[in-house]
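Peer 1: Take a look at this one; I'll ask things after.
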Amino acid sequence: MIINIYTGETVDICYKVLGKSDVKKYNLYKKNGWFEWTKEFAKKENKLFGMFVKGKDVIQGVIAIQEHKNNQLIHIELMEAAPQNKFSNPNQTYAGIGKNLLCFAVELSFQLNYEGYIGLFAKRNQNEDYYRKLGAIQSRFNFTPYYFFPTNKSAELHNRYLPGGVQWCQS
């Protein structure tokens, strides 16, 4: 669940698998304040998912993940809160998008018997402290900081921010 900034109320969320046509449907373009999501669909190994408020067709966040079978983890290639939910937006609508996107990846990892292991490359000096505070462990990979969440930290995150598990949107 995420938090409505204006009311302080928690809001139920659900997820949808996204396809290439959804880039246009939800205007997931750089000119609209998003990353360039069309590039993420070009990578065959990426699977993209959108987060929505239950019962509404307005996207609140997007995550691109890859299943790394050899390492038994879910790698987060990219995740992003919608422009209306970014912390830098003075009119931010919802809070907690990033944590819920992380927990979505955690749940997939548990479902695939990867024991909740997820990993990602963090933007230097922007998200590194954030991930460490959530329990991520830093490793070095090609001189770029890579963060992974071990089982115990993944379970803590999941139980706190996504206790009912992933809910799929009704199409």
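Peer 1: Here is a check on your reading of the model: is D129 free of Cβ contacts under 8 Å to residues at least 40 places away in the same chain, of a type in the set (D, E) and closer than 26 Å to G165 by Cβ?
Peer 2: Criteria not met by D129.
Peer 1: Somewhere in region 28-48, is a residue surrounded by fewer than 20 Cβ atoms within 10 Å (Cβ to Cβ), among the aromatic types (F, W, Y) and farther than 20 Å from L120 by Cβ?
Peer 2: Scanning region 28-48 turns up at least one residue that is surrounded by fewer than 20 Cβ atoms within 10 Å (Cβ to Cβ), among the aromatic types (F, W, Y) and farther than 20 Å from L120 by Cβ.
Peer 1: Hey, does region 28-51 have a residue that's β-branched (V, I, T) and within 22 Å of V166 (Cβ to Cβ)?
Peer 2: So far as region 28-51 goes, no, none of its residues is β-branched (V, I, T) and within 22 Å of V166 (Cβ to Cβ).
Read-outs throughout are calculated quantities, based only on the coordinates presented, and are distinct from any laboratory measurement. Source: prediction; values computed, not measured. Note that we place each Cβ from the backbone using ideal geometry, even for glycine, and neighbour counts take in every protein chain shown.
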